[in-house]
1. Determine the relative contact order of region 2-208: mean sequence separation of Cα pairs under 8 Å and six or more apart, normalised by residue count, in whole percent.
2. Would you kindly state how much longer the chain becomes between I70 and K172 on full extension, computed as 0.36 nm times their sequence separation minus their alpha carbon distance, in nm to one decimal?
3. Going through the cross-link list K7/K42; K58/K183; K149/K183; K28/K146; K4/K42, which pairs have a Cα-Cα distance over 25 Å in this structure?
4. Which of the peptides 81-89, 136-144 is most tightly packed, and how do the rest follow, going by the mean number of other Cβ atoms within 10 Å of each residue?
5. If you place +1 on the Cβ of every Lys and Arg, -1 on the Cβ of every Asp and Glu, and leave all else neutral, what size is the dipole of the chain about its Cα centre, to the nearest 20 Debye?
6. Identify, among A40, T50, I16, the residue whose Cα sits farthest towards the positive end of the charge dipole of region 1-66, taking +1 on the Cβ of Lys and Arg and -1 on the Cβ of Asp and Glu, with the dipole about the Cα centre.
7. Going highest first, how would you order 171-183, 33-45 by mean Cβ packing within 10 Å?
8. Going by average Cβ neighbours within 10 Å, how do the peptides 5-11, 147-153 rank, with the highest at the top?
Amino acid sequence: MEIKVLKDILSANDRIAQRNRQLLDSHKIFAVNIMASPGAGKTSLIMETTKRLEGRVKPGVIEGDIASSIDAEAVGKMGVPVVQINTGGECHLDANMISNALGSLPLPEIQVLFIENVGNLVCPAEFALGEHLKVLIVHTPEGDDKPFKYPLMFHAVDAVIINKIDLLPYVKFNLEAYTKTVKSINSQVAIFPLSCTTGQGLDAWVAWLVEMASSLTR
Ligand code: MG
Ligand code: ZN
């Protein structure tokens, strides 16, 4: 019985996600669903990426949090169109929340839309939002066991960003072994080791993102 309820919720969600996708496509907006555990650097990555897109691609941001608007305020200070979703306790974003958020963004002014999901490695992977790309951010201080514990998340995404590589000398994280494990779960996934603090590796990620987005807009 419970399984049936979950199935119904997910298929209703999928229908709304399809509508979101049509709306995004009609505005030639490339949407990126960014998932991670809390503190991995979702907001930092969005801000550092946005800086590097300046003059090339016009960004917009949807900030998802259980509570507060701290991240949305930080992004808004950069002059980027941003809307905050507070899920009021829900541990993931769903397509209906995105549908509402799209209604309060200046869509004709946006080319790449970053959707910062709620920090959680489980259910965000199950809820389609209408996005074109799913990206997972992991960070070196959380250790290298996450692909074993959350294989569904690693299987669902198009790219894995390994943030805070500047901390590699101080933490238990074997980058080479980690990359191999991720590839064994998802052979198609793109992997970007980088640091939002030092800027190392960010250009490769941004170049890839622009390339992916241009496949939609050309
Ligand atoms: Mg954040
Ligand atoms: Zn959830």
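Any read-out appearing in this document is the output of simple, stated calculations on the displayed coordinates, not a laboratory observation. Just so it is clear, the model here is predicted, and its values are computed rather than measured. We place every Cβ from the backbone using ideal geometry, glycine too, and count neighbours over all the protein chains shown.
1. Relative contact order of region 2-208: 25 percent.
2. Result for the pair: 33.7 nm of gain on full extension.
3. Flagged as over cut-off: K7/K42; K58/K183; K28/K146; K4/K42.
4. 136-144, 81-89
5. 420
6. T50
7. 33-45, 171-183
8. 147-153, 5-11
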